[in-house]
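Trainee: Can you keep this structure in mind? I'll have questions shortly.
The values are calculated or read from the model by the stated rules, or taken from the named source; none is laboratory data. Since the model is a prediction, treat every value here as computed from it, not as a measurement. All Cβ positions, glycine included, derive from the backbone under ideal geometry; neighbour counts span all protein chains shown.
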There are 2 protein chains.
Amino acid sequence: MIVLGIDPGSRITGYGVVENSGNRLVHIDNGAIFTDTAPDFPGRLKTIFDGLMEIIARYHPDQVAVENIFFATNPQSALKLGQARGAAIVAAVHCGLPVAEYSALQVKQAVVGQGRAEKGQVQKMVRALLGLPEIAQPDASDALAVAICHINSYGLTQISALTSRSNKLKTSWRDIKL
Amino acid sequence: MIVLGIDPGSRITGYGVVENSGNRLVHIDNGAIFTDTAPDFPGRLKTIFDGLMEIIARYHPDQVAVENIFFATNPQSALKLGQARGAAIVAAVHCGLPVAEYSALQVKQAVVGQGRAEKGQVQKMVRALLGLPEIAQPDASDALAVAICHINSYGLTQISALTSRSNKLKTSWRDIKL
């Protein structure tokens, strides 16, 4: 099963593609869609939609996971974020893909093992679980985190079995010093 | 020129199709897309996107107009509204249509002639300008209002020429008792 995780934003939308192969996680791709060059806000939404459609066409994910936002600093930024999120989710549902939503607490719980983890801890754990020396974009890392959360929550991989054997990194979340 | 006006909402999305034919406004269609039957929130966004794609395929509008929201009661409702708005705008840009955004003040100014008009005044004026005995949905009326605003702002029709000759109703906004 291939999962596309998305971290939507009106300026930067992160994406992460992770495969659950047997009982292991395999990193396929991660990156970010930048909307700065769009001429206006509808153009930004088009960039997000088109960018994700391209990712979906390239990797044929079976499912999509997005972090659920329960708060925002103010209604104006919530409106912008909401529109970016709407554009991202529509790209998925337009391709017939089911979309699962997870709270930040659920993502932290699934990736680090506790819901109060710091952002830096989550990023380190995502790198370790997928055997990546670095992840260029924090938004891409967040997108990978929600993809990992979905694979775990979906019951296909137990969190203790989250090891990336493909690159000989035998690490479970319990072994990592954060 | 045919304009599709949209009033997005996560429960009800209103739409209104108005043609600017020569120097007159011709009502083509109006209605609402209800998302209540969708199984989840991504499903609601799909319903909005698919519904508007169908409207666009049916009437081939040249341009799309959406009311710009500058405030919301709280971040949570702003997020929901934002996502619905994102789904609606993506339907337009995916079809290659330009999307214009107008503030509530601009819409009231264009339709009623003053920015502080009450909602009921705007609805009456929309009916009068398009020669419609009634408009079933308030959201559809709002969508028609933003379409009229766009036609007026686009400089194709002066507000004083906003008459619906197709049904012999010779009325300008100055003649109507609100």
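Trainee: Among (1) of a type outside the set (Gly, Ala, Ser); (2) outside any helix (DSSP H, G or I); (3) more than 14 Å from chain B (Cβ to nearest Cβ); (4) surrounded by fewer than 19 Cβ atoms within 10 Å (Cβ to Cβ), which single condition is A:TYR15 missing?
Mentor: Among (1) of a type outside the set (Gly, Ala, Ser); (2) outside any helix (DSSP H, G or I); (3) more than 14 Å from chain B (Cβ to nearest Cβ); (4) surrounded by fewer than 19 Cβ atoms within 10 Å (Cβ to Cβ), the lone unmet condition for A:TYR15 is (4).
Trainee: Taking B:LEU178 as the residue in question, decide whether it is among the hydrophobic types (A, V, I, L, M, F, W, C), touching an Asp or Glu at 6+ places or on another chain (Cβ under 9 Å) and modelled with pLDDT under 75.
Mentor: Answer is yes for this residue.
Trainee: Restricting to the range A:41-99, name every residue that is over 23 Å from B:PRO39 (Cα atoms), in contact (Cβ under 8 Å) with a residue 60 or more places away in the chain and touching a strand residue (DSSP E or B) at 6+ places or on another chain (Cβ under 8 Å).
Mentor: Listed by number, the list is empty, since nothing qualifies.
Trainee: Condition test on B:LEU132, is it outside any helix (DSSP H, G or I), modelled with pLDDT of 95 or more and more than 27 Å from A:VAL90 (Cβ to Cβ)?
Mentor: So B:LEU132 passes the test.
Trainee: Still on this structure, please answer the following. Could you tell me whether the range A:65-77 includes any residue that is more than 10 Å from chain B (Cβ to nearest Cβ), assigned to a strand (DSSP E or B) and not aliphatic (A, V, I, L, M)?
Mentor: Looking through the range A:65-77, at least one residue is more than 10 Å from chain B (Cβ to nearest Cβ), assigned to a strand (DSSP E or B) and not aliphatic (A, V, I, L, M).
Trainee: Please go through the range B:93-122 and give me each residue that is within 17 Å of B:VAL3 (Cα to Cα) and either at the interface with chain A (Cβ under 7 Å from one of its Cβ atoms) or acidic (Asp, Glu) (or both), ordered by number.
Mentor: Within the range B:93-122, B:VAL93, B:HIS94, B:VAL99, B:GLU101 meet the criteria.
Trainee: Give the range A:96-105 a look and list any residue that's surrounded by fewer than 19 Cβ atoms within 10 Å (Cβ to Cβ) and in a helix (DSSP H, G or I), or say none.
Mentor: A:LEU105
Quick grid of which residues meet (1) in contact (Cβ under 8 Å) with a residue 60 or more places away in the chain; (2) of a type in the set (Ser, Thr, Tyr):
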{"site": "B:SER103", "(1), (2)": "no, yes"}
{"site": "B:SER141", "(1), (2)": "yes, yes"}
{"site": "B:ILE151", "(1), (2)": "yes, no"}
{"site": "B:TYR154", "(1), (2)": "yes, yes"}
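Trainee: Still on this structure, please answer the following. For the range B:18-56: of the residues being away from chain A (no Cβ under 14 Å) and hydroxyl-bearing (Ser, Thr, Tyr), which is surrounded by the most Cβ atoms within 10 Å (Cβ to Cβ)?
Mentor: B:SER21
Trainee: Among the residues of the range A:57-95, write down those that are among the hydrophobic types (A, V, I, L, M, F, W, C), surrounded by fewer than 20 Cβ atoms within 10 Å (Cβ to Cβ) and either under 15 Å from the mean Cα position of the chain (by Cα) or modelled with pLDDT of 95 or more (or both).
Mentor: Within the range A:57-95, A:ALA57, A:ILE69, A:CYS95 qualify.
Trainee: Any idea which residue in the range A:110-132 is surrounded by the most Cβ atoms within 10 Å (Cβ to Cβ), counting only those that are among the polar types (S, T, N, Q) and free of Cβ contacts under 8 Å to residues at least 40 places away in the same chain?
Mentor: Checked the range A:110-132; the qualifying residue surrounded by the most Cβ atoms within 10 Å (Cβ to Cβ) is A:GLN123.
Trainee: Another question, then. So which of A:ILE55, A:ILE48 is more than 18 Å from B:GLN83 (Cα to Cα) and touching a Pro at 6+ places or on another chain (Cβ under 9 Å)?
Mentor: Criteria check complete, one pass: A:ILE55.
Trainee: Just one of the numbered conditions (1) within 17 Å of A:GLY86 (Cα to Cα); (2) in a helix (DSSP H, G or I) is not true of B:ASP139; which one?
Mentor: So B:ASP139 meets the others, but not (1).
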